[in-house]
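A.B. asks: Next up is a structure, given as structure tokens.
What follows draws every value from the coordinates through simple rules; no lab data is involved. Worth saying up front: this structure is predicted, and the values here are computed from it rather than measured. Counting neighbours? That spans all protein chains shown, and the Cβs are built from the backbone with ideal geometry, glycine included.
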Amino acid sequence: MSETAQPATRLPDQTTLAPLVAAILDEAKRQGASTAEAAVSADTGLSVTVRLGEVETLEHHRNRSLGVTVYFGQRKGSASTGDWQPRAIQETVAAACAIARHTAEDTCAGLADPARLASKIPALDLYHPWELSSEAAIELALACEDSARALDTRLDNSDGATVFSSAGMAYYGNSHGFAGGYPSTQHMLSCTMIGRSNGRMERDYWYSVARHAGDLEDAVAVGRRAAERTLRRLDPRRVKTCQVPVLFVPEVARGLIGHFLGAIRGGALYRKSSFLVDKLGEQIFPAFLDIREEPHLPRALGSAPFDAEGVATRPRHIVEQGILQGYVLDSYSARRLGMETTGNAGGVHNAVVKPTGPGFETLVKDLSRGLVVTELMGQGINILTGDYSRGAAGFWVENGEIQYPVAEITVAGNLKEMFRAIQVAGDDVDTRGGIRCGSLLIEGMTVAGE
């Protein structure tokens, strides 16, 4: 495709993919499988990155995949390919069957319970293709980066601005009779700037992502926000080691909720590798905190009508009044635990933390002395014990006002104690992902610095 062509947004529709999935299932039956499931997907899109006023990358992509899982009783085998030709399908199914025949029986293996499969596919408004030419994408990226670079002479370098657009179609079926699919889109604008002061460089970014291009922030606004965030991080200091309240901004607070969700996933639970094993019905968070799974929010990035096994998604409380109400289970992990699937094969669909207080600016004013965390680094989380220790950067607060940026520090605690010590879940909710969360204020954590 030439650089001036429109990106290809035409996708195979359900009338194309449904017979393909049916053919895979028929082939699995022909080769002796007792049951089978198959998924096919295709996506197409455009990505443009500019840096320092020049086009750095321009990519058009078109991908497709096919995956099949077969069961010989309770022996399982899986295989995949990117080739949809009949010969390739036959060979892929044969590969899955060969694996299954040589695999030990697992009493928990098998398709999802037929009673749990989706019978209706709700319309969730997830598909909004963006007819964006390469030239238009380049102009948007340049406008984004130019607005950032123009803000201050200290912004003398850039990691670039990117415009990304993708459209995809997925279809799933199994030998219990379920078959269904839906299209979706995702579009993004992002910018990362590098600033220099007193011989030291700092970096920060901003981005906007949405199902519909009309819901994106303006490109100039994204660039300016990236620039402002970079400038405020210049000339950071270290702080003395102390124990203080810590305010996590929304884009990092969602990571704390992600650790919680990871600790209640079925795989971690049946392997006994989580600090939340056997905690169903117990108080994990303060009584004011609720977390709901909302899989049917229109245009939301985590929305889905059914999970990767065809199980119907449904709204539910994961945490209500601080008490753990449910785990995150697919069919296999549910059977291992003697429970029912929660419709989470493939992950959680929009975990929404209910706000319990004001947003960031008011929370800073209420924070007499403490730390604002805007970036976390490293992987210092032990899900088995809950121990938490990560490199951090942010801002020091005194008398309810931000005093200066801080860097080269560590924040540490234990997730069990941190969750119980949450004081406020802010109303400044970040909707740019599958976890929707505002700022989280935690009563006290160890901040290690000088």
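A.B. asks: Quick check: net charge around GLY214, other residues with Cβ under 13 Å of its Cβ, Lys/Arg +1 and Asp/Glu -1?
C.D. replies: Counting the neighbours of GLY214, the net charge comes to -3.
A.B. asks: Would you grab the residues whose amide H sits under 5 Å from the one on GLU375? Only those 5+ places off in sequence or on another chain, please, with H modelled 1.01 Å from N.
C.D. replies: Sorted by chain and number, the residues that satisfy this are ALA393.
A.B. asks: Show me, bin by bin at 5 Å from 0, the whole-percent P(r) of region 32-82 based on Cα pairs.
C.D. replies: In whole percents, the pair-distance histogram is 5, 16, 16, 11, 11, 9, 8, 8, 6, 5, 3, 2.
A.B. asks: In nm, what is the difference between 0.36 nm times the number of residues separating SER78 and ASP215 and their Cα-Cα distance?
C.D. replies: Additional length available on full extension: 45.5 nm.
A.B. asks: Consider all pairwise Cα distances in region 14-231 and report the whole-number % of them above 23 Å.
C.D. replies: 59 percent
A.B. asks: Can you pull out the trypsin sites (Lys or Arg not before Pro) in region 343-399 that DSSP calls coil and that have at most 12 other Cβ atoms within 10 Å?
C.D. replies: Here no trypsin sites (Lys or Arg not before Pro) fit, given the DSSP loop and packing criteria.
A.B. asks: If you take the C-alpha gyration tensor of region 236-450, multiply each eigenvalue by 5 and take the square root, what semi-axes do you get, largest first, in whole Å?
C.D. replies: Rounded to whole Å, the semi-axes are 32, 18, 14.
A.B. asks: Could you tell me, in Å, what Rg and Dmax come out for the Cα atoms of region 381-424?
C.D. replies: Cα-based Rg and Dmax for region 381-424 come out at 13.0, 38 Å.
A.B. asks: Using alpha carbons only, how many degrees (0 to 90, rounded to 10) separate the axis of helix 86-101 from the longest principal axis of the chain?
C.D. replies: The helix 86-101 is inclined about 90 degrees to the chain.
A.B. asks: Also, quick follow-up: What are the residues whose amide H is under 5 Å from the amide H of ASP387, where those residues sit 5 or more places off or on another chain and H is modelled from the backbone?
C.D. replies: For ASP387, the qualifying residues are ASN382, LEU415.
A.B. asks: Give a residue-ordered list of calculated ³J(HN,Hα) values for region 219-232 (Karplus: 6.51 cos²θ - 1.76 cosθ + 1.60, θ = phi - 60°; whole Hz; x for Gly, Pro).
C.D. replies: For region 219-232, the Karplus-derived couplings read 4, 5, 5, 4, x, 5, 5, 4, 5, 4, 5, 5, 4, 6 Hz, x marking Gly and Pro.
A.B. asks: May I ask for the percentage of alpha-carbon pairs in the chain that lie more than 43 Å from each other?
C.D. replies: 22 percent
A.B. asks: Please compare each pair in LYS120/LYS272; LYS120/LYS416; LYS76/LYS272 to a cut-off of 27 Å on the Cα-Cα distance and tell me which ones are over it.
C.D. replies: LYS120/LYS272; LYS120/LYS416, as the Cα separations exceed 27 Å there.
A.B. asks: Along each principal axis of its Cα atoms, how long is region 271-378 end to end? Whole angstroms, biggest number first, please.
C.D. replies: In descending order, the Cα extents are 49, 35, 31 Å.
A.B. asks: Also, I was wondering about something else. Under the Karplus relation 6.51 cos²θ - 1.76 cosθ + 1.60, θ = phi - 60°, what is the ordered set of whole-Hz ³J(HN,Hα) values for region 65-75, x standing for Gly and Pro?
C.D. replies: 9, 9, x, 9, 10, 10, 10, 10, x, 10, 9
A.B. asks: Using 0.36 nm per residue of separation minus the Cα-Cα distance, give me the extension gain between THR15 and ILE194 in nm, one decimal.
C.D. replies: 59.6 nm
A.B. asks: What's the angle, to the nearest 10 degrees (0 to 90), between helix 14-30's Cα axis and the longest principal axis of the chain?
C.D. replies: So the helix axis and the longest Cα principal axis differ by about 60 degrees.
A.B. asks: For region 165-206 and region 87-121, compute the distance between their C-alpha centroids and round to whole Å.
C.D. replies: 29 Å
A.B. asks: Please work out the C-alpha center-to-center distance from region 299-316 to region 228-265 and express it in whole Å.
C.D. replies: Using only Cα atoms, the two centres lie 29 Å from each other.
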